[in-house]
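S.K.: Just dropping this structure here.
The values are calculated or read from the model by the stated rules, or taken from the named source; none is laboratory data. Note that the coordinates shown come from a computational prediction; the quantities given were computed from them, not determined experimentally. Neighbour counts are summed over all protein chains in view; Cβ atoms, including those assigned to glycine, are modelled from backbone coordinates with ideal geometry.
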Amino acid sequence: MARILIVDDEEGIRTSLVGVLEDEGFEALTAPSGEQALASIDADELPDLVLLDIALPGRDGVEVLREIATRWREVPVVMMSGHGNVETAVKTTKYGAYDFIEKPLSIDKVLLTVEHALEQSRLSRENRDLRIQALRAQEILGSSEAISALVEQIRLAAPTNGWALITGENGTGKELVARRLHLESRRVAGPFVAVNCAAIPEELIESELFGHEKGAFTGAHSRKRGQFELAHGGTIFLDEVADMSLMTQAKVLRILQEQSFMRVGGGETLNIDVRVIAATNKILEQEIQRGSFREDLYYRLAVIPLRVPSLRERREDIPVLARTFVAQCCEASQLPAKAFTPAAMEGLCAHDWPGNVRELRNLVERLVIMTPGTEIDAADLPTPMRVPGALASEPVRSLGDARRGFERDFLVSRLSENGWNITRTAEVIGIARESLSRKIKSHEIEVERG
Ligand SMILES: Nc1ncnc2c1ncn2[C@@H]1O[C@H](COP(=O)(O)OP(=O)(O)OP(=O)(O)O)[C@@H](O)[C@H]1O
Ligand SMILES: [Mg+2]
């Protein structure tokens with residue numbers, strides 16, 4: 001049953017609204033002034049809707065609305081206006097009122113507006129829950145020391161409003177970290193807006209970020225809201241931030257200092273509440289030296305610096321990442337479950353992954369699709385990733401077997417590199433010629449002769 005808070009200084013109006021709403025099965029609460037209304041709102045049990053009179057003694061309805069909209073963003077408010085203040089009522093929709101109804105109140109109009117507002121708010125709550133769910137699906141996988149330290153830093157930094165700068169090589173998971181910061185913050189119900197600064201042409205970036213007024217420049221046919229405005233109440237993610245021009249950097253810096261900006265070609269200053277998270281794979285200290293990145297912006301952004309480790313620095317995370325990606329990919333492609341053989345996993349762990357987690361994920365996707373059967377073996381991996389011999393082909397039975405397998409492969413590859421010349425190979429690998437000959441026999445290596 002929806003709970004509706006009625007705020008009006010006229011007792012007659014309160015009583016009749018309570019009657020009408022209770023008849024429809026709503027629970028009705030009342031307050032005779034704005035102050036009392038605000039004091040009565042309990043964060044643990046928010047009303048589902050507020051019916052708010054504009055002309056109130058003390059703090060008027062507009063002020064009360066603005067406070068409700070900032071403190072309890074999710075509570076819809078419907079304004080009630082007398083004939084003297086319809087214009088004001090229209091303006092309140094700008095401050096977040098859902099709608100307004102004119103006095104004298106018509107029962108039908110009240111009920112219709114209440115139903116609409118409740119429905120609308122239910123939809124936006126649902127929408128928000130879906131968004132949160134989608135974000136939750138994006139876990140940061142791995143238990144290495146490097147990734148655990150990062151996850152801990154995120155946990156500490158997320159609930160603050162501090163600006164964050166995420167650095168790391170290509171494909172390490174910078175965007176994923178940005179999304180986690182948002183998800184674990186108090187802004188989670190607000191939007192997460194990602195802007196790839198490198199993808200926007202220089203002449204458009206300002207209007208992209210800040211929006212523009214109709215007619216601000218050729219082609220500006222209508223007013224457009226910028227990404228900062230769209231991110232109000234949430235987080236804006238400035239990806240590839242080092243690719244912004246110095247001029248744009250200056251404007252972004254001003255937003256931080258003043259929490260306000262103007263649309264391109266607009267005179268109106270807009271106040272916004274946005275948390276900025278930036279990311280780059282460049283070394284910003286070097287960009288500053290070269291004069292292509294503002295030092296003051298760097299210090300502002302790097303209030304919370306987060307470095308995402310490369311996959312090479314945390315090889316122990318490769319198995320869990322690979323297994324998770326295989327499972328996700330099989331499910332998404334509706335294929336039977338597949339798995340890497342130990343030898344294949346060995347190959348993945350030994351690779352250097354210049355493209356980091358993204359490279360791993362892409363490879364896994366390709367392998368899942370291209371490999372028939374339910375096992376992905378070392379032989380299915382791209383050539384440079386196959387580890388030698390016993391490891392790659394048969395299942396390894398014991399450490400002794402593994403060592404022997406490795407030794408055999410090692411010898412074959414060195415012999416072949418040295419033109420099957422036993423003396424030279426023995427020299428290169430640092431053992432006596434005789435002992436190499438013995439090993440060749442015992443491993444039954446067929447020496448090719450030129
Ligand atoms: N620790 C992790 N756990 C699970 N998935 C990860 C992890 N790190 C990265 N990924 C996945 O790898 C892919 C690349 O990550 P992301 O796009 O966040 O990287 P990036 O650093 O922003 O890359 P680029 O520098 O290319 O922009 C995504 O699919 C992401 O979900
Ligand atoms: Mg990225």
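S.K.: Where in region 30-146 are there helices (runs of 4 or more DSSP H), lying wholly inside it, with at least 2 residues that are within 16 Å of ligand 1 (Cβ to nearest atom), free of Cβ contacts under 8 Å to residues at least 60 places away in the same chain and within 30 Å of Ile318 (Cβ to Cβ)? First the steps, then the outcome.
M.R.: On the way: elements: 34-40, 61-71, 86-92, 107-136.
Result: 107-136.
S.K.: Would you mind telling me which numbered condition in (1) over 21 Å from Gly233 (Cα atoms); (2) surrounded by 17 or more Cβ atoms within 10 Å (Cβ to Cβ); (3) charged (D, E, K, R) Glu35 fails?
M.R.: Failed condition: (2).
S.K.: So, of the residues in region 190-201 that are out of contact with any helix residue (DSSP H, G or I) (no Cβ under 8 Å at 6 or more places or on another chain) and of a type outside the set (S, T, N, Q), which turns out to be modelled with the lowest pLDDT?
M.R.: Pro201
S.K.: Kindly list the number of the only condition in (1) assigned to a loop (DSSP other than H, G, I, E, B); (2) more than 9 Å from ligand 1 (Cβ to nearest atom) that fails for Asn170.
M.R.: (2)
S.K.: Looking at Gln133, is it surrounded by fewer than 19 Cβ atoms within 10 Å (Cβ to Cβ), within 16 Å of ligand 2 (Cβ to nearest atom), modelled with pLDDT under 90 and not hydrophobic (A, V, I, L, M, F, W, C)?
M.R.: Details: surrounded by fewer than 19 Cβ atoms within 10 Å (Cβ to Cβ): yes; within 16 Å of ligand 2 (Cβ to nearest atom): no; modelled with pLDDT under 90: yes; not hydrophobic (A, V, I, L, M, F, W, C): yes.
So Gln133 does not fit the description; no.
S.K.: Any residue at all in region 173-191 that is within 16 Å of ligand 1 (Cβ to nearest atom) and not in a helix (DSSP H, G or I)? Break it down stepwise before answering.
M.R.: Going through region 173-191, the residues within 16 Å of ligand 1 (Cβ to nearest atom) turn out to be 173-184.
Then keep just the ones that are not in a helix (DSSP H, G or I); that gives 173, 184.
Checked region 173-191: at least one residue is within 16 Å of ligand 1 (Cβ to nearest atom) and not in a helix (DSSP H, G or I).
S.K.: Sticking with this structure for a sec: Consider region 146-169. How many of its residues are among the charged types (D, E, K, R) and exposed (fewer than 15 other Cβ atoms within 10 Å of the Cβ)? Let's see the steps before the verdict.
M.R.: Taking region 146-169 and keeping what is among the charged types (D, E, K, R), we get 152, 155, 169.
Still in the running and exposed (fewer than 15 other Cβ atoms within 10 Å of the Cβ): 152, 155.
Counting residues in region 146-169 that are among the charged types (D, E, K, R) and exposed (fewer than 15 other Cβ atoms within 10 Å of the Cβ) gives 2.
S.K.: Being part of a helix (DSSP H, G or I), more than 23 Å from Glu145 (Cα to Cα) and not hydrophobic (A, V, I, L, M, F, W, C) is the filter here, so list the residues in region 293-326 that pass it. Give the steps one after another, and end with the answer.
M.R.: Step one: of region 293-326, the residues part of a helix (DSSP H, G or I) are 295-301, 311-326.
When the remaining residues are screened for being more than 23 Å from Glu145 (Cα to Cα), the result is 295-301, 326.
The answer is Glu295, Asp296, Tyr298, Tyr299, Arg300.
S.K.: Is it the case that Leu348 is within 16 Å of ligand 1 (Cβ to nearest atom), closer than 27 Å to Phe406 by Cα, in contact (Cβ under 8 Å) with a residue 24 or more places away in the chain and not assigned by TED's automatic domain parsing to the domain that holds Phe406?
M.R.: Numbers: within 16 Å of ligand 1 (Cβ to nearest atom): yes; closer than 27 Å to Phe406 by Cα: yes; in contact (Cβ under 8 Å) with a residue 24 or more places away in the chain: yes; not assigned by TED's automatic domain parsing to the domain that holds Phe406: yes.
When the stated conditions are applied, Leu348 passes them.
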